[in-house]
Structures are given as C-alpha cells and as structure tokens.
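Here the structure comes first, spelled out in structure tokens, and everything after it is commentary.
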Amino acid sequence: MKYLVMVQGSQADYEAMRGNGSAQSPAWTEDEVKAMYAYMSAINDDLAETGELVDGQGLGEPAGTRHVTLGDDGRTVVTDGPYGETKELLAGYWVLDCASLERVTEIAERVIRCPQPAGAPVYPVVIRQIMEGAGDDVC
C-alpha cells in the first residue's frame, strides 16, 4: 500500500532555521540545522535501501505559496503569501510503499523525533493512505 507521510511547518519555522527566531519558533543554530538535515537524510537513505521510498521532498517556504480559490461571484481569487506567523502548512512529504499501516506509523514515529532546538514547535506527522483505484475507500 502507498502512503503519503506529511510534515508541517510555518513561515516562522523557516525564518527560525535561518537564525531569525520569534515567539513561535526559537532561532536555530547552524549546527542544529545540519543535525536536522542529517537526520532526515538518514531516514531517506534507509527508506531507499528498504525499497519503501517512492518520493520525498521538502517544500519551499510558505511565503512563496499561492492559494487559488473561487470568490462568491465565481471569479478566481489568488492570494499570495506570506501567511500568519502561526499558520501551519505542508513543509515536506514522503510517498512510501509500505506493507502495512503499522510499518508506516513506525516511520512516522522516527520522523517526529527529528532533532530541533528546545522550545521549537512540535507538529504532528500526518499519514494518509493513497487511493490506488477508483473509490478505494469511499465505496
């Protein structure tokens, strides 16, 4: 089964990783950023070795995000970032091919333990099964 494993973050978190802390997210040191990247790279390497990694990417900061919706009048409304300091968005993801929900949960438990500075926000890791056929989980 394929799963989407998602990690969250906010604009304040991206700024903090650049050393610009705030009330929502303390400033990261260069060593803390390197430790985080090394930890995530090790997870990616392990998942590639087991054959479970289909894809995985970190996403650009929320300030470069656009929301495209329809207004009440039916016209397209485009909203640019940046968004509020505490508004959480998708920060990165993995597409994994795992034998079971239990296995992908083990991986998420590893992801949630990524090193970060004391006081940094802790976001949940979200797991969603990817539907592989029409109406797999709705019919």
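The values are calculated or read from the model by the stated rules, or taken from the named source; none is laboratory data. Everything numeric here is computed off the predicted structure, so don't read it as measured data. Every residue, glycine as well, gets a Cβ built from its backbone with ideal geometry; the counts of neighbours run over all protein chains shown. Accessible surface areas use protein heavy atoms only, side chains included; no ligands, DNA or RNA. Shrake-Rupley method; radii C 1.70, N 1.55, O 1.52, S 1.80 Å.
Using a simple charge model, +1 on the beta-carbon of Lys and Arg, -1 on the beta-carbon of Asp and Glu, nothing else, what dipole does region 1-101 show about its Cα centre, in debye to the nearest 20?
Numbers: 6 positive and 17 negative charges, 56 e Å.
Result for region 1-101 is approximately 260 debye, rounded to the nearest 20.
Which whole-number value in Å² is the accessible area per residue of the chain, probe 1.4 Å? It would help to have the intermediate numbers written out before the result.
Numbers: 8630 Å² over 139 residues.
For the chain, the per-residue accessible area is 62 Å².
With a cut-off of 14 Å, note down the residues of region 1-24 whose backbone N falls inside the zone around a label point 7 Å from the Cα of residue 113 toward its beta carbon.
The answer is none.
Identify, among 36, 57, 25, the residue whose Cα sits farthest towards the positive end of the charge dipole of region 6-139, taking +1 on the Cβ of Lys and Arg and -1 on the Cβ of Asp and Glu, with the dipole about the Cα centre.
25
Under a point-charge model restricted to the Cβ atoms of Lys and Arg (+1) and Asp and Glu (-1), what is the dipole moment magnitude of region 13-55 relative to its Cα centre, in debye to the nearest 20? List each step's numbers first, then the result.
Values: 2 positive and 10 negative charges, 50 e Å.
Charge dipole of region 13-55: 240 debye, to the nearest 20.
Toward the positive end of the charge dipole of region 55-127, about the Cα centre and with charges on Cβ (Lys, Arg +1; Asp, Glu -1), which of 104, 122, 71 goes farthest?
Ranked along the dipole, the leading option is 122.
After finding the eigenvalues of the alpha carbon gyration tensor for the chain, what semi-axes result from the square roots of 5 times each, listed largest first in whole Å?
Semi-axis lengths for the chain are 27, 25, 11 Å.
How long are the three semi-axes of the equivalent ellipsoid for region 1-79, computed from the Cα gyration tensor as the root of 5 times each eigenvalue, in whole Å, largest first? Mind dumping the intermediate values first?
On the way: eigenvalues 176, 109, 13 Å².
Rounded to whole Å, the semi-axes are 30, 23, 8.
How much of the accessible area of the chain, probe 1.4 Å, is carbon plus sulfur, in whole percent? It would help to have the intermediate numbers written out before the result.
Numbers: 4400 of 8630 Å².
That share works out to 51 percent.
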